[in-house]
Amino acid sequence: MSMRTPLGRVRGLGSAKEGVHHWWVQRLTAVALVPLTLWFVASLIQLAGADYAMVSAWIAQPLVAVLLTLLFVSGFYHLALGLQVVIEDYVHEDPARIVSLVAVRFACWLIGAIAVFSVLKIAFRG
Amino acid sequence: MVERNRPLSPHIQIYRPQMTSVLSILHRITGVGLGVGALLVAYWVAAAAGGPDHFARAQALIGSWFGYLVLLGFSVALFFHLSNGIRHLFWDAGYGFELRSAYASGVAVLVMTAGLTLIAWVAAFTVLGGAR
């Protein structure tokens, strides 16, 4: 027995292969975050006790700025996807569900954008 | 809406916790906690972009005893979520589903979490104690 809707059968189109997008991007960002996080933690350890001049000089290095940008983009994307699943699991009533889903997504992108902009601001100050 | 009073599986009140389920719950809790940690990192880098005064204030906050407490929790959560996340990636690839392997990898995650946390803090205090 087919599980497809009558409309779906008439159209005769296959899957758009988009159903696993959330799952796939969560894994993609996870894989990226393994080396990025370890690098970031190792760098922070080396910067322990460092003052403003040392920290900003570190961030301003081209490779560091690029890696920090990648860390923040993949990190906040990964966070948004993870928090989305948590909300979907525990918040069932609308409008609380949709409001919290949108708010979390917006907050992640806002804070991620602030973090990336801060890196670029330091990097381009020269 | 109709009131539903049917019992919920898996009866958490009378359910004996197992390492597999506890680690799974911890993965979610640490994930949410790392969201708070991400706020801290964003604040730190934004303070650096804001100039020496802002950065000094951020460093003073992070360098306080409360800041160290938060950093300790942050590092444990990060290393656990990282280790268990790698375990999840192996599961995604189709490996380690046997009960015995699931427990063995769970122990490995806990050992890795403790080890990485210890290494990180010993290294950080070594750097702090060094000539600067």
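The values are calculated or read from the model by the stated rules, or taken from the named source; none is laboratory data. Remember, predicted model here, so these are calculated numbers, not experimental data. Glycine gets a Cβ as well: all are built from the backbone with ideal geometry, and neighbour counts include every protein chain shown.
Couple of notes before you dig in:
- So A:D94, is it assigned to a loop (DSSP other than H, G, I, E, B) and either within 8 Å of chain B (Cβ to nearest Cβ) or more than 29 Å from B:G50 (Cα to Cα) (or both): yes
- Of all the listed residues (A:V64, A:V85, A:V99, A:V73), the sole one being part of a helix (DSSP H, G or I), among the β-branched types (V, I, T) and at the interface with another protein chain (Cβ under 9 Å from one of its Cβ atoms) is A:V85.
- Scan of segment A:108-126 for residues that are hydrophobic (A, V, I, L, M, F, W, C) and either touching a Gly at 6+ places or on another chain (Cβ under 9 Å) or not in a helix (DSSP H, G or I) (or both), ordered by number: A:C108, A:A115
- Considering B:L89, B:L34, B:L71, the condition of being within 22 Å of A:C108 (Cα to Cα) and out of contact with any helix residue (DSSP H, G or I) (no Cβ under 6 Å at 6 or more places or on another chain) is satisfied by B:L71 alone.
- Top-ranked residue of segment B:64-95 - restricted to ones that are of a type in the set (G, A, S) and not in a helix (DSSP H, G or I), ranked as nearest to the other protein chains (Cβ to nearest Cβ): B:A93
- Only one entry in A:T69, A:T5 is closer than 17 Å to B:L40 by Cα and hydroxyl-bearing (S, T, Y), namely A:T69.
- Matching residues, segment B:110-132, being assigned to a helix (DSSP H, G or I) and closer than 16 Å to A:S43 by Cβ: B:L116, B:I119, B:A120, B:W121, B:A123, B:A124, B:T126, B:V127, B:L128
- Cβ-Cβ contacts under 6 Å between residues 6 or more apart (or on different chains), taken from a first residue in segment A:70-86 that is under 14 Å from A:F117 (Cα atoms) to a second residue that is modelled with pLDDT of 95 or more and of a type outside the set (A, V, I, L, M, F, W, C), are listed as A:F72/A:G112; A:F76/A:G112.
- Selection within segment B:52-61 - crowded, with 16+ Cβ neighbours inside 10 Å and of a type in the set (A, V, I, L, M, F, W, C): B:F55, B:A58
- Selected residue (criterion: surrounded by the most Cβ atoms within 10 Å (Cβ to Cβ)) from residues of segment B:90-107 that are within 26 Å of A:W24 (Cβ to Cβ) and hydrophobic (A, V, I, L, M, F, W, C): B:A102
- For segment B:96-110, the criterion of a residue being of a type in the set (F, W, Y), out of contact with any Ser or Thr (no Cβ under 8 Å at 6 or more places or on another chain), farther than 18 Å from A:T37 by Cβ and more than 11 Å from chain A (Cβ to nearest Cβ) is satisfied by at least one position.
- Looking across segment A:102-126 at every residue that is touching a residue at least 12 places away in the same chain (Cβ under 8 Å) and charged (D, E, K, R), the one that is nearest to the other protein chains (Cβ to nearest Cβ) is identified as A:R125.
- Scan of segment B:25-51 for residues that are at pLDDT below 95 and either loosely packed, with under 14 Cβ neighbours inside 10 Å or touching a strand residue (DSSP E or B) at 6+ places or on another chain (Cβ under 9 Å) (or both), ordered by number: B:I25, B:G51
- Among the residues making up segment B:83-132, a single one is of a type in the set (A, V, I, L, M, F, W, C), over 19 Å from B:T30 (Cα atoms) and touching a residue at least 60 places away in the same chain (Cβ under 8 Å): B:A102.
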